1. If a residue must be under 22 Å from B:Ala76 (Cα atoms) and at pLDDT below 95, how many such residues does the range B:181-206 contain?
2. How many of the residues in the range B:177-211 are in a helix (DSSP H, G or I), under 22 Å from the mean Cα position of the chain (by Cα) and not hydrophobic (A, V, I, L, M, F, W, C)?
3. Keeping to the range B:1-53, report how many residues are in contact with an Asp or Glu (Cβ under 8 Å, 6 or more places away or on another chain) and of a type in the set (Val, Ile, Thr).
4. Could you name every one of the helices (runs of 4 or more DSSP H) located completely within the range B:84-161 that has at least 1 residues being over 27 Å from B:Gln233 (Cα atoms)?
5. Is it true that some residue in the range B:132-145 is touching a Phe, Trp or Tyr at 6+ places or on another chain (Cβ under 7 Å), farther than 17 Å from B:His92 by Cβ, buried (at least 20 other Cβ atoms within 10 Å of the Cβ) and at pLDDT 95 or above?
6. Considering every residue within the range B:146-157, establish whether at least one is facing chain A (nearest Cβ under 8 Å), surrounded by fewer than 22 Cβ atoms within 10 Å (Cβ to Cβ) and either of a type outside the set (Phe, Trp, Tyr) or more than 26 Å from B:His57 (Cα to Cα) (or both).
7. Picking from A:Ser85, A:Ser81, which residue would you name as being farther than 19 Å from A:Lys231 by Cβ and either surrounded by 15 or more Cβ atoms within 10 Å (Cβ to Cβ) or touching a strand residue (DSSP E or B) at 6+ places or on another chain (Cβ under 6 Å) (or both)?
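The values are calculated or read from the model by the stated rules, or taken from the named source; none is laboratory data. Since this is a predicted model, take the numbers as computed values, not measurements. So basically every Cβ, Gly included, is an ideal-geometry build from the backbone, and we count neighbours across all protein chains shown.
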Amino acid sequence: MPSKTKRLREERRSETPPEKGKNQKSKAKDKGGEKVKDNAKDKAEPSKIAGRLIAIEGTRGPDLTEAAAEVVKRLSKAKVSSGASRWDASNTFYEMKLGKSKNLKVSPRVLLLLYATDLVFRLKWEIQPAIEQGMTVVAAPYVETGIAFGRAAGLPRKWLTDLFSFAPKASACYRVKEKKKKEAWKAKSTDGFLEFAGAALVASSAGWDAAGLRSRIIEQLDELEAAKGCKKLGKKI
Amino acid sequence: MGKKTEAKRDESNRRLVELVRAQQEKRGLLIVFEGPEASGKTTQRKLFKTWLQSEGHDVVSTSWNSSPLINPLIQARKMAHSLGPEDYCLLHAADFRQRLELEILPALWAGKTVLADRYLFTALARDAARGLDLDWVLNAYAPLFWPDMVFYFEVSGETSERRVAAAKEPKFYEAGQDVTDIDDPLESFRAFIGRVIHEYKALAQIFQFVTVDAEKSIYDQHRAIRKLYLAGQRRSWEEWNVEAVSDWLGPNLQVPEAHLAQ
């Protein structure tokens, strides 16, 4: 019941000090004399970030991989130390595929919770350490691909933006050119998150149509581009 | 929003409310057993299940962190001690959502009584104790699906620690060693369980848990639970759970029989 959770939040706020990190209290408070580590110290604070984070979004995994490699190559030519962070660095989705296929019945929310889990891993082990060393990291895909998928699957925007609120905003966001807009994904489901999610949803319920889903994701990315939330990947970075 | 889309949405909402209303008396009850480690939840859940079955109820149980899809991922990462508070929270939220959609809701819709050995309140208490912002954790579990009754097994931190220590050494995450930085598991558990109980107490007030004194004998607790259950009331899904049911049925309000057939 919304009123109850609202009351809970208000009560919690009254006993919680001002927040430092986005999703973590400024300090895990010592309520009963216990020592608890400050999780917020692990979070990247934008003002201290030495490097840059470039997000590349799109619907096809192979295109994202190719675009990330191309951007890293261009940055290297310009003597900018850089690297790429790709989907499923944590092997979460790979391990799911190893399990019994009868268990692979999933909803969009479950897929996005797992996508966010993978993103937490990428931020912690790939993106933030590299940025702290002054490198430029190309994250392909990043947050907007997840949000576009969720919107296309009918999930509320607020739930999606709150879910990904742990992820720092990228300094620049680009989208790859979409090939064969009207078709679904022809590649393997392990090629990218959206290929995986499309295949898993279609296998889970007859109500999902992969071509329709992809076309709605593209519409979401078009809207993002129109609102200047990202721009087409061109020759200039 | 266009007029056509708006009309379609209104029609869909009307159908949803009708579906939920029609199911209200036919559906099963969701009863949750919550409490700190070693508070006796599982013992009481089993006794209660046997009693309900003897009374002619069709009963199923669901345990925390038990989805066949997500649980192996969690176990592997727990063994490697590789989870931080945020991915710990997200993976458990995925496990919970998966069980809600594939086990709990289909069983309730089919008229079965579901006994949940821990529910999302476990996550709220533990994740808040790990220092995560409660708003963010609540969002990961949204839309919330409200149970009919929550039995909270109240024990002191000392009792919980004593019972845990008598049986085994607490595991790394159970002891909260990922956030306490304390090497000794039992010492870490002592520090962490105090925080978890503190969070549970706040939740118990807000979510109106039915408190069971878990320091009492097993038989006394069981008798109290039976009495409280008989005095309890069925929560109105129309008032509390429409959003979660709508999310489960999907945009086409797919008939639940399709879920049950799986």
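1. Residues flagged as under 22 Å from B:Ala76 (Cα atoms) and at pLDDT below 95 within the range B:181-206 amount to 1.
2. Counting residues in the range B:177-211 that are in a helix (DSSP H, G or I), under 22 Å from the mean Cα position of the chain (by Cα) and not hydrophobic (A, V, I, L, M, F, W, C) gives 7.
3. Residues flagged as in contact with an Asp or Glu (Cβ under 8 Å, 6 or more places away or on another chain) and of a type in the set (Val, Ile, Thr) within the range B:1-53 amount to 4.
4. Details: elements: B:85-99, B:105-109, B:120-129, B:134-140.
Ranges flagged: B:85-99, B:120-129, B:134-140.
5. Just the residues of the range B:132-145 that are touching a Phe, Trp or Tyr at 6+ places or on another chain (Cβ under 7 Å), to begin with: B:139, B:141-142.
Retained after the next criterion (residues that are farther than 17 Å from B:His92 by Cβ): none.
No.
6. Residues of the range B:146-157 that are facing chain A (nearest Cβ under 8 Å), as a first pass: B:146, B:157.
Now narrow it down to the ones that are surrounded by fewer than 22 Cβ atoms within 10 Å (Cβ to Cβ): B:146, B:157.
From the residues that got through so far, the ones that are either of a type outside the set (Phe, Trp, Tyr) or more than 26 Å from B:His57 (Cα to Cα) (or both) too are B:157.
Yes: one or more hits.
7. Working: A:Ser81 fails: either surrounded by 15 or more Cβ atoms within 10 Å (Cβ to Cβ) or touching a strand residue (DSSP E or B) at 6+ places or on another chain (Cβ under 6 Å) (or both).
Matching residue, one of A:Ser85, A:Ser81: A:Ser85.
Residue by residue, here is whether (1) over 19 Å from the mean Cα position of the chain (by Cα); (2) surrounded by 14 or more Cβ atoms within 10 Å (Cβ to Cβ); (3) within 30 Å of B:Gly28 (Cβ to Cβ) holds:
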{"residue": "B:Thr50", "(1), (2), (3)": "yes, no, yes"}
{"residue": "B:Val60", "(1), (2), (3)": "no, yes, yes"}
{"residue": "B:Ser67", "(1), (2), (3)": "no, yes, yes"}
{"residue": "B:Asn71", "(1), (2), (3)": "no, yes, yes"}
{"residue": "B:Lys78", "(1), (2), (3)": "yes, yes, no"}
{"residue": "B:His81", "(1), (2), (3)": "yes, no, no"}
{"residue": "B:Gly84", "(1), (2), (3)": "yes, yes, no"}
